[in-house]
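*Asks:* One structure is given below, represented as structure tokens, and several questions about it will come after.
The values are calculated or read from the model by the stated rules, or taken from the named source; none is laboratory data. Note that the structure is a prediction, hence the values are computed from the model and not measured. Glycine gets a Cβ as well: all are built from the backbone with ideal geometry, and neighbour counts include every protein chain shown.
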């Protein structure tokens, strides 16, 4: 009897551990999940204090041609994304993402700084950083202010004779548990009735109201979504607004910090940029990569129009 009782306790312990693991790996299900503030973007000054890093240039072809960054790696968010309908915009299988990055000479254990077009772009730098982190490249950050800020800092450092202390790594505590910041349409759909998620539509107001300028099959927005055009998170100088400013803006929208947030756009680019900002500021935010290209393609999925 003692043997059987011991074996029963053993099985019960294993089942508890298994249940706990399923909860941890089931996606953004726990609204009380603590979120540490770990940056997804850095100032050009902070980035250039690091002695060893790789630059990934995700700017438009014209801007890359006009202002080349020596030694940089070039990649676009489309290179790491699916193009087949209805999955256009979704991230490729992670092993394919890693393969493409490794072929470019980008390594997982190094600091990676992504340059974008800043407030003149679509948030591609945020999408690239999101893609890199999903694939396990945890030390990936975009440079706040884009190429303009990066180039100004390069010039400043070349013109000053002040000796600056260089660091090899940033020393920022990162989440090494491979926790995903992605969410799938099934999770969003299942959570609509219970309002499990706070949903942010990061597109232009006209898109939120029903316009389809970028290839959506149907117009409108996911029921219950709030309009937060990603450009609203830039200040007058083209840099990302401060934590206090963003928190005030979200509070005015009725967004609670302790409840999970899902962001989407047309193909998961602008929303990935917003998710990076929100996670940097301590919000439990997730990117819906398929976004409206996927959602609007399925006639069974609900949409609302108007403001």
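*Asks:* Answer yes or no: is there a residue in the stretch 291-299 that is more than 20 Å from residue 255 (Cα to Cα), surrounded by fewer than 21 Cβ atoms within 10 Å (Cβ to Cβ) and free of Cβ contacts under 8 Å to residues at least 60 places away in the same chain.
*Replies:* Among the residues of the stretch 291-299, not one is more than 20 Å from residue 255 (Cα to Cα), surrounded by fewer than 21 Cβ atoms within 10 Å (Cβ to Cβ) and free of Cβ contacts under 8 Å to residues at least 60 places away in the same chain, which makes the answer no.
*Asks:* Scan 43, 81, 76 and give me the residue that is surrounded by fewer than 16 Cβ atoms within 10 Å (Cβ to Cβ) and in contact (Cβ under 8 Å) with a residue 40 or more places away in the chain.
*Replies:* 76
*Asks:* OK, next. In the list 87, 138, which residue meets the criterion of being closer than 22 Å to residue 266 by Cα and either out of contact with any helix residue (DSSP H, G or I) (no Cβ under 8 Å at 6 or more places or on another chain) or assigned to a loop (DSSP other than H, G, I, E, B) (or both)?
*Replies:* 87
*Asks:* Residues being closer than 29 Å to residue 204 by Cα and out of contact with any strand residue (DSSP E or B) (no Cβ under 7 Å at 6 or more places or on another chain): count how many of those fall in the stretch 104-134.
*Replies:* Result for the stretch 104-134: 8.
*Asks:* Something else: Could you check the stretch 97-106 and list, in sequence order, the residues that are touching a residue at least 24 places away in the same chain (Cβ under 8 Å) and either under 16 Å from residue 50 (Cα atoms) or outside any loop (DSSP other than H, G, I, E, B) (or both)?
*Replies:* Once the filter is applied, which keeps residues that are touching a residue at least 24 places away in the same chain (Cβ under 8 Å) and either under 16 Å from residue 50 (Cα atoms) or outside any loop (DSSP other than H, G, I, E, B) (or both), the stretch 97-106 yields 97, 98, 100, 101.
*Asks:* Run down 226, 257, 241, 251 and say which single residue is surrounded by 13 or more Cβ atoms within 10 Å (Cβ to Cβ), free of Cβ contacts under 8 Å to residues at least 24 places away in the same chain and either closer than 18 Å to residue 271 by Cβ or not assigned by TED's automatic domain parsing to the domain that holds residue 115 (or both).
*Replies:* 241
*Asks:* Where residues in the stretch 179-212 are touching a strand residue (DSSP E or B) at 6+ places or on another chain (Cβ under 9 Å) and assigned to a helix (DSSP H, G or I), which of them is surrounded by the fewest Cβ atoms within 10 Å (Cβ to Cβ)?
*Replies:* The qualifying residue surrounded by the fewest Cβ atoms within 10 Å (Cβ to Cβ) is 205.
*Asks:* Sticking with this one: Quick check: is even one residue across the stretch 267-285 assigned to a strand (DSSP E or B), touching a residue at least 12 places away in the same chain (Cβ under 8 Å) and crowded, with 24+ Cβ neighbours inside 10 Å?
*Replies:* Looking for residues that are assigned to a strand (DSSP E or B), touching a residue at least 12 places away in the same chain (Cβ under 8 Å) and crowded, with 24+ Cβ neighbours inside 10 Å, one finds at least one in the stretch 267-285, hence yes.
*Asks:* So, one more: Taking the stretch 63-73, which residues are over 18 Å from residue 120 (Cβ atoms), surrounded by 14 or more Cβ atoms within 10 Å (Cβ to Cβ) and without any contact (Cβ under 8 Å) to a residue 40 or more places away in the chain?
*Replies:* If the condition is that a residue be over 18 Å from residue 120 (Cβ atoms), surrounded by 14 or more Cβ atoms within 10 Å (Cβ to Cβ) and without any contact (Cβ under 8 Å) to a residue 40 or more places away in the chain, then 73 is the only one that fits.
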